[in-house]
Amino acid sequence: MNYNLTPLLDSLKTDLINSLQANGKVATGQTIQQITIVDNGDNASLQIPGYLQELENGRGPTSKNAVPGNPPMIDRIKAWCQAKGIPDKAAWAVKKSIDKNGYKGTPGILSEPLGDANIDLRLTQQMTNMADDIAQNIADSFDLN
């Protein structure tokens, strides 16, 4: 028997999106679109953008020889400013502030929905469904009608 873990991953994805929304970390919706479930039949995974770790832990000042991001940080800040109704000119001031000071993270924004307690809760639900299916298959195999 092959059991689909996509419902488990989908519930974790929903929990993560709810955490981002509850903490005011959704401006353009781009981050939510980048949270995906990849299922190739034999295995499945929840893929999230790496920068979510920075939303949780914060970011230090920009180093002198930093490699530009893709897209560049200024482009992401301009999109954020536009979504928040902040004038485009302010994007450079925001970038300079981040370059100089970094920014504080939001503890729990990522670690709570993807933490052991929540995964155990979601996995218990999935395992209960699997056990019910197995029990039904066993009962059906003994049905002599």
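Could you please put Thr31, Thr124 in sequence from largest to smallest accessible area, using a 1.4 Å probe?
Thr124, Thr31
Rolling a 1.4 angstrom probe over the chain with all protein chains present gives an accessible area of which 53% lies on carbon and sulfur atoms. Can you tell me the orientation of helix 116-141 relative to the chain, as the angle in degrees between its alpha-carbon axis and the longest Cα principal axis, to the nearest 10? Result, in degrees: 20. Inter-label distance, Asp116 to Phe142: 3.7 nm, where each label sits 7 Å from its Cα along the C-beta direction.
Our summary gives the chain a relative contact order of 30 percent, counting only alpha carbon pairs under 8 angstrom and 6 or more residues apart. Charged side chains reduced to their Cβ positions (Lys and Arg at +1, Asp and Glu at -1) give the chain a dipole of some 1600 debye around its Cα centre. Diagonalising the gyration tensor over the Cα atoms of the chain and scaling each eigenvalue by 5 before taking the square root yields semi-axes of 43, 14, 13 Å, largest first. The label point for Lys104 and the one for Ile17, both projected 7 Å from the Cα toward the Cβ, are 2.9 nm apart. The angle between the Cα long axis of helix 6-22 and the longest principal axis of the Cα atoms of the chain comes to about 30 degrees, rounded to the nearest 10.
Can you give me the accessible area per residue for segment 28-109, using a 1.4 Å probe, in Å²?
68 Å²
The values are calculated or read from the model by the stated rules, or taken from the named source; none is laboratory data. Predicted, not measured: the structure shown is a model, and the values here were computed from it. Backbone-built Cβ (ideal geometry, glycine too); neighbour counts: all protein chains shown. What goes into the accessible areas is simple: the full protein's heavy atoms, side chains included, and nothing from ligands, DNA or RNA. Shrake-Rupley method; radii C 1.70, N 1.55, O 1.52, S 1.80 Å.
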